[in-house]
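Accompanying notes for the structure given below.
Quick note: the coordinates plus some simple rules give every number you see, no bench work behind them. Here the structure is a predicted model, which is why all the values come from computation and not from measurement. For neighbour counting, all protein chains shown are included, and Cβ atoms are generated from backbone atoms with ideal geometry for every residue, glycine included.
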Amino acid sequence: LVAVRRAVLEYELGVNHTDTEELSAGEGHLQRRPQLLEPHRLSPDCVSLYIQAQNNLGILWSERDEIKTAQTYLESAEALYNQYMKEDGNPPLDPSEHFMAEEEKLTDQERSKRFEKAYTHTLYYLAQVYQHLEMIEKAAQYCHTTLKRQLEYCGYYPVEWALNAATLSQYYLSKQCFMESRHCLAAASVIFSQAGQVPSAEDNEAEQDQQDLRQRKAEIARCWIKYCLNLLQSARKLLEDNIGELDPDRQLELKAQRKKEEDEKEKGRKKAVLFGTSDISDSVLAMEEKVSSVYPLDFQEAREIFLVGQNYVQEAKEFFQVDGYVTDHIEIVQDHSALFKVLAFFEEDYERRCKMHKRRIDMLEPIYADLNPHYYLLISRQLQFELADTYYEMMDLKVAIGNRLEELDSHTIKKINSLAQLAIKYYELFLDSLRNPDKVFPEQLEEDVLRPAMVAKFHIARLYGKLITSDSKKQLENMQTSLEYYTFLVDYCEKYPDAVRAVETELELSKEMVGLLPTRMERLRAKLCPFI
């Protein structure tokens, strides 16, 4: 009982009486370096009590922002559990049993359940401590282990567990571990369903609880959207050539090597990430089969992932509506637009590509038109640039379609010019948003807008060069405007050399055009001379 009293005293006072203490004046309280009991000095009857005491001390010190001290206590609890299970393994006495009569003692099954629950708490707290210490990979590992144990010992709340699993999926997504990310999301969806049917908005009973449940469901849907989008975007990076188009040779190469590699990977990795009992695992597996975790290598494979993502877009938008959730709603719409954009990469038919980009325009323009840039400046800039880029891509596609014709017809010319002018309009709106209240463009651009602004200038220069007109004077004006934008980019990089690394490709092409355009303009002027 001496060890029990020591552990209880440590828990109640927040100090350790087993060894020499080191005291120092902290910010309004005493700080102590924990002097912990060695595991071998504890009686098996006290193991559970001591682990729980250390868990609580970990919480107390973390609440005082003494994260390192909390880490020491919690890691000691973890080490004690591991050593005890290795050397003994029998269910230890639960702390509550010290105050029970002999006939009231717990069964071994109940003791084991409580002991394992205490250790699960240790891992849960360690995950948070490692997160605070920015040990992200270790935090994710402990979070995953905690979630597995919560399922194994039935110690969880469905909604909370599902949200934690969905959040963990985003970590795996950042590491491009798509199989693990999908598994977490599938498990999140299955466990969330245990919380019961999500009520309809018309049901007024317990409205706040219903609202919370609908919000959590929408948040998990958003994690699924990010999964589908990241998987498609990563596949695009693997498949694109040096001009951003799909590389057929690379596509064939990846298809040839994919199946064997993925089968081997899945066998090795699935053992480490599998959640839950056999019943839950079956449901999770059924959920996983609805969407791939391997890179799509052609349009059909990409479309299947796109459709899953699009379904979750609709699910997320049911809760995050523009009336009340402006920022969230717009971010979901932007993700929807990004899904169409990356799907278009896999489409070989240029006309169908154009239609996909038109869908993006149709969803983005109404939102931008209703947005007040005074309150939503950053989002407004994002939409301006994305709309400009989308029109720019459509113009390029129409030019490519026109190049396949023997002769450009008036309809195609009109369409190319219209798309180019709309792209210029939105690029100019973006650049105007960078001006100060006196409408003066900044002499030196902030780092976060440097590349977008330079790319906007470069694209406007190129767009003026793409405008088709039979009027030679107008053509000369367009070339002059184009030259001015190219010159701006060259001059800016000469004045601020640090900007070069942000726009190396655009700068090289701009220098080339600054050298070529004056000669072309002189030739055009020479043709015009007899008529001037």
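Assorted remarks:
- Here the scattering of the range 71-116 is modelled by Debye summation over its C-alpha atoms, one equal scatterer each and no solvent; at q = 0.21, 0.22, 0.33 Å⁻¹ the log10 of I(q)/I(0) is -0.77, -0.82, -1.13.
- Considering only alpha-carbon pairs that sit under 8 angstrom and 6 or more positions apart, the relative contact order computed for the chain is 7 percent.
- Degrees, to the nearest 10: 158-174 long Cα axis against longest axis of the chain: 50
- Note on MET85 and GLU207: with the Förster distance fixed at 41 Å, the Cβ-Cβ geometry gives a FRET efficiency of about 0.30.
- Only Cα pairs under 8 Å and 6+ residues apart enter the sum, and on that basis the relative contact order of the range 379-441 stands at 46 percent.
- Pairwise label distance in nanometres, GLU103 with ARG352, each label 7 Å out on the Cα-Cβ vector: 7.9
- Fraction in percent of alpha-carbon pairs per bin - 10 Å, the chain: 3, 13, 19, 20, 17, 12, 8, 5, 2, 1, 0, 0
- The packing ranking, built from the mean of other Cβ atoms within 10 Å per residue, places the peptides 86-94, 414-422 in the order 414-422, 86-94, highest first.
- Karplus (6.51, -1.76, 1.60) ³J(HN,Hα), θ = phi - 60°, over the range 472-485, in Hz, Gly and Pro reported as x: 4, 5, 5, 5, 5, 4, 5, 5, 5, 5, 4, 4, 4, 5
- Computed FRET value (nearest 0.05) for GLU522 with GLU407, which takes r as the C-beta separation and R₀ as 30 Å: 0.60
- The range 385-422-the range 451-491 distance, computed between alpha-carbon centres (Å): 16
- Modelled spin-label separation between CYS529 and ASP362, with each label point placed 7 Å from Cα along the Cα-to-Cβ direction: 5.3 nm.
- Segment THR145-ARG451, length gained on full extension (0.36 nm per residue, minus Cα span): 106.0 nm
- Separation in nanometres of the label points that stand 7 Å from Cα toward Cβ, at GLU484 and LEU434: 1.6
- Stretchable slack from ASN311 to GLU504, in nm (0.36 nm times residue separation minus alpha-carbon distance): 65.6 nm
- Given charges at beta-carbon only (K, R positive; D, E negative), |dipole| of the chain in Debye: 1880
- Estimated from helical segments only, the mean residue ellipticity of the chain at 222 nm is -24500 deg cm²/dmol, where each DSSP H run of four or more residues counts as -39500 (n - 2.57).
- Length available on full extension from ARG258 to GLN444: 0.36 nm per residue minus the Cα-Cα distance, which gives 62.2 nm.
- For the range 371-498, diffusion coefficient by Stokes-Einstein and Kirkwood Rh (Cα), 25 °C, 0.890 mPa s, µm²/s: 155
- Pairwise FRET efficiency - LYS425 versus SER472, Cβ, R0 = 22 Å, nearest 0.05: 0.35
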